[in-house]
Amino acid sequence: MNRVRASRPRTKVRLWFQDEARFGQQGTLTAVWAIKGSRPTVVRQNGRKSIWIFAAVEPATGWSLAMPFRDVNTATMQAFLDAAASKLHRREHAVMILDGAGWHSAHKLRWPRRITPLFLPPYSPELNPVERLWHWLREHHWSNRTYADEQALVEEAVRSHRTLRRTDIRSIRRTRWITPGD
């Protein structure tokens, strides 16, 4: 971060975390509130359709960008990076922290000039606050439901992301090592 800031003295440097998650008809079951002694029934679909949601969050502000895709590969990562770069203002630069997935470091991937990648160590999902976002979305929006097809999955991914306020995202990703004094 310091190196990026030093190389761009009149530019605001933003810290983003990026990850992707699979979301589909084979959802997870989560706990539900029920009267003591009762056995509530919940829906669990066993379909095979799924989509991928790419997301980037800025822990300090609660800003986020999420985009659903039918596949996960270099082309979808490129589309996500281009969309993320378009959200930066003229005098802004982002350091994007992400894992070492193959599509994050593919030779065909062209990083936008205003985004610098910073890769996490292998096998360290606990260092990426977007993982907490996936857990929260699965627990509060994506579980115990059925989806007719891929389009319904896309609509739910977009809808559930739109329900999140910046304060929600700041709370979900809360870690002292990212934003001290929070």
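The values are calculated or read from the model by the stated rules, or taken from the named source; none is laboratory data. From a predicted model like this one, the values you see are computed outputs, not experimental measurements. So basically every Cβ, Gly included, is an ideal-geometry build from the backbone, and we count neighbours across all protein chains shown.
The table below gives the values:
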item	result
Index of the failed condition, residue 35 passing every other in (1) touching a helix residue (DSSP H, G or I) at 6+ places or on another chain (Cβ under 7 Å); (2) modelled with pLDDT under 95; (3) β-branched (Val, Ile, Thr)	(1)
Among the candidates 120, 98, 127, residue that is surrounded by 18 or more Cβ atoms within 10 Å (Cβ to Cβ) and touching a strand residue (DSSP E or B) at 6+ places or on another chain (Cβ under 9 Å)	98
Flag for residue 137 being at pLDDT below 90 and of a type outside the set (Phe, Trp, Tyr)	yes
Residue satisfying all of: in segment 144-174; modelled with pLDDT of 80 or more, not in a helix (DSSP H, G or I) and not charged (D, E, K, R); farthest from residue 59 (Cα to Cα) among these	148
